[in-house]
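The values are calculated or read from the model by the stated rules, or taken from the named source; none is laboratory data. In this text, all values refer to a predicted model and were calculated from it rather than measured experimentally. Reconstructed Cβ throughout: ideal geometry from the backbone, glycine too, with neighbour counts over all protein chains shown. These accessible areas exclude ligands, DNA and RNA; they are computed on the full protein's heavy atoms, side chains included. Shrake-Rupley method; radii C 1.70, N 1.55, O 1.52, S 1.80 Å.
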Amino acid sequence: MHHLWLIPALPLAGFLVNGLFGRRLPKAIINAVAVGSVLLSFLWVLQVLNGLMPLETLYVERYATWIASGSLDIPYELAIDRLSAVMLLVVTGVGLLIHIYATGYMSHEDGYYRFFAYLNLFMFFMLTLVLANNYLLLFVGWEGVGLCSYLLIGFYYLKNSATTAGNKAFIVNRIGDFGFALAIFLIFIQFGTLDFPAVFSAAQPLPAESTAGILTAICLLLMVGAAGKSAQVPLYVWLPDAMEGPTPVSALIHAATMVTAGVYMVARSSALYLKAPLAMDVVALIGLLTAVLAATIGMTQFDIKKVFAYSTVSQLGYMFLALGVGAFSAGIFHVVTHAFFKALLFLGAGSVIHALEGEQDLRHMGGLRKKIPITFLTLACAWVAIAGVPPFSGFHSKDEILLAAHHHAPWMYWIGVVTAGITAFYVSRAMFLCFFGKYRGHHHPHESPVSMWGPLAVLALLSLGGGYTHIPQFLAPVFPLAEGAHDFTLVAISVAAGLTGIGLAWFLYIAKPGLADSIASNLGGLYKLVYNKYFVDELYFATIINPAIAGSRTVLWKFLDAGLIDGTVNGAGHMAQWVGAKCRRLQSGNIRTYATWVVLGAVLLIFTIGGVR
């Protein structure tokens, strides 16, 4: 027995120690508990994998019966195969680097122990999600990461914008989670179990549905849940606002935990999706639309963290494109490489913000490559990786996806290539505005401490060389489906698109500074549309939120609550008062009056009895 339970239990222990006793502990002890628990979890993952390799089949450990009622039997089981092994390494490895970075970044913040307690809890729930061997336990981890994202996005709870962003993330994810819950109910109705091996083996002999059926419904509902967690159209709106949380939180959400949950869940359910081609087409189309939409918005933003936030939404779109065209291993490959360069981008952005004492506006930066050279050099590694420059990590995973898309439908490939060019442009734009030209700020930049740039250096190496991890080959026993042959011409076209994006950004922001502003001014309404994020939030407010608030006030409050419920209760009270007021007049205190009423009552009673006889 390899004691898989220790992997999530160690961060949980860190959460309990810092959460219960952290207020009275020095920062050195808080750091040791928070970072040490994740380090031990990472080391235990390596120990388990060393004992289980080559891990050709699913390894399961059953600890107890969790729920037993009639035919429902849900055990508390943890399992590991090659897919979950990859995710465990990403979550614990990248999560460890983010924890180390946070010890420097958050050193002067209030609520220090509370922050690391939440961060450890986040790790516990994500590891539970990955190790779960049934949909219900996965759902526990799924809801847990949603809770932790709410707590961490709203960490600065005295800021209204932070609490609003936390609420937005929580509410939007509840919409997606409702779809996921319905999918779980349908899975149990269809298969009589929620265990992954039993469900997938039962689905294996079923024919692929040529039209909509029960499997298609299940897969579409699973995608609703994934769209919420992994910020896909139309539920992506929470993720850019999640930047209100501390920068290490942004990195953890975007690179190692929250947003990868939806991709992992769909990939884990590949046996169902392969039987529902209509649902797979929907997944691919949503991913492609999200990739393009978010990439265009990223071109116009000036908050450095929001540029990278929309980059995350776009890159997640790439992952869902891969899943939708059947390239499951390519999608997971991009999860891995994206974890490296996106964690680096966010932590590097945090280093810039730290150097500028909280400044996030790219228009107030410039020339920083000489002032914070380590941050610049490490961020440059993420830059070339996400831009798809060969031979760095993003090039390998992105082209796996584009080749699979071309094999499925060539038009998807061409849209993906254009999106790759846009990606290279907006990341290059951010780098040029931040690190080149003249310094336009008002602070005195300074390099970050080693606790911050140390993790940046490790992530820089992973961003450069992560493409050689051969993830698709490693995942072959899990996803044996062919995913498109390599084509040098198609690869060259996608690389050319990325280089074109970099070149265009250089021309607009370095060679001809001011030309970009002139073009934006000439574009007028189109630029305003993209700059304002297509007014999607405003559209939601106009069509859903404001009508819901108005309806709540008119129907629920004024009619049902105040009118019907309060009216009934208050009306009964008023009636009782009226009756009491009338009856009170009978209580005159005059003995003769009382005697008269007694006589009249007696006479009335006698006549009544006599009439009955």
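Overview of values
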read-out: The chain: angle of helix 566-584 to the longest principal axis, Cα-based, in degrees nearest 10; value: 20 degrees
read-out: Computed E for residue 607/residue 550 - FRET, C-beta separation, R0 51 angstrom, nearest 0.05; value: 0.25
read-out: Shape call, region 542-613: gyration tensor on alpha carbons, a/c limit 1.5; value: oblate
read-out: Karplus 3J(HN,Hα) series, Hz, for region 384-392 with 6.51 cos²θ - 1.76 cosθ + 1.60 (x for Gly, Pro); value: 5, 5, 6, 6, x, 6, x, x, 7
read-out: Packing-based ranking, highest mean first, of 465-473, 273-281 given that Cβ atoms within 10 Å are counted; value: 273-281, 465-473
read-out: Inter-part distance where region 559-613 and region 97-144 are each reduced to a Cα centre, Å; value: 67 Å
read-out: Extended-chain gain in nm, criterion 0.36 nm per residue less alpha-carbon gap, residue 157 and residue 599; value: 151.7 nm
read-out: Solvent accessible area, Å² - residue 545, 1.4 Å probe, full protein context; value: 60 Å²
read-out: Cα centroid separation - region 259-288 against region 380-421, whole Å; value: 19 Å
read-out: Percentage relative contact order, the chain, counting C-alpha pairs under 8 Å, at least six apart; value: 12 percent
read-out: Exposure ranking of 540, 318, 150 by accessible area [1.4 Å probe, largest first]; value: 150, 540, 318
read-out: Nearest-0.05 FRET efficiency for residue 560 and residue 47, computed from C-beta distance (R0 41 Å); value: 0.10
read-out: Solvent-accessible area per residue, Å², over the chain with all protein chains present [probe radius 1.4 Å]; value: 42 Å²
read-out: Dipole magnitude of region 120-245 about its Cα centre (Cβ charges: Lys, Arg +1; Asp, Glu -1), debye to nearest 20; value: 200 debye
read-out: Region 59-133: relative contact order as a whole-number percent, Cα under 8 Å and 6+ apart; value: 34 percent
read-out: FRET efficiency for residue 147 and residue 522, using Cβ-Cβ distance with R0 set to 51 Å, rounded to 0.05; value: 0.65
read-out: Accessible surface of residue 5 - all protein chains present, 1.4 Å probe, nearest 10 Å²; value: 110 Å²
read-out: Amide H contacts of residue 66 (H built 1.01 Å from N, under 5 Å, at least 5 apart or other chain); value: 74, 76
read-out: Of 370/438; 306/528; 27/168; 168/528; 168/533; 342/398, those spanning more than 20 Å from alpha-carbon to alpha-carbon; value: 27/168; 168/528
read-out: Using θ = phi - 60° and Karplus 6.51 cos²θ - 1.76 cosθ + 1.60, couplings along region 209-223 (whole Hz; Gly, Pro as x); value: 7, 6, 10, 5, x, 5, 5, 4, 4, 4, 5, 5, 5, 4, 5
read-out: Rounded if a/c under 1.5, otherwise prolate or oblate - the chain, Cα gyration tensor axes; value: prolate
read-out: For the chain, calculated [θ]222 nm from helices alone, where every DSSP H run of n ≥ 4 adds -39500 (n - 2.57); value: -22500 deg cm²/dmol
read-out: Nearest 10 degrees, 0 to 90: helix 591-612 Cα axis against the chain principal axis; value: 90 degrees
read-out: Rounded accessible area of residue 82 (nearest 10 Å², 1.4 Å probe); value: 30 Å²
read-out: Gain upon complete extension [residue 56, residue 438; 0.36 nm per residue less C-alpha separation]; value: 132.0 nm
read-out: Qualifying GluC sites (Glu not before Pro) in region 350-405, DSSP loop, other Cβ atoms within 10 Å at most 14; value: 357
read-out: Karplus-derived HN-Hα couplings along region 226-241 (A = 6.51, B = -1.76, C = 1.60, θ = phi - 60°), whole Hz, x at Gly and Pro; value: 5, 5, x, 5, 9, 6, 9, 4, x, 9, 7, 5, 6, 5, x, 6
read-out: Principal-axis tilt of helix 82-105 within the chain, Cα atoms, nearest 10 degrees; value: 90 degrees
read-out: Accessible surface, 1.4 Å probe, highest first, among residues 533, 370, 582, 398; value: 370, 582, 533, 398
read-out: Nearest-20 debye value, the chain charge dipole, Cβ charges on Lys, Arg, Asp, Glu; value: 1980 debye
read-out: Rounded, prolate or oblate (a/c below 1.5 giving rounded, otherwise prolate when a/b exceeds b/c) for region 23-164 by Cα gyration tensor; value: oblate
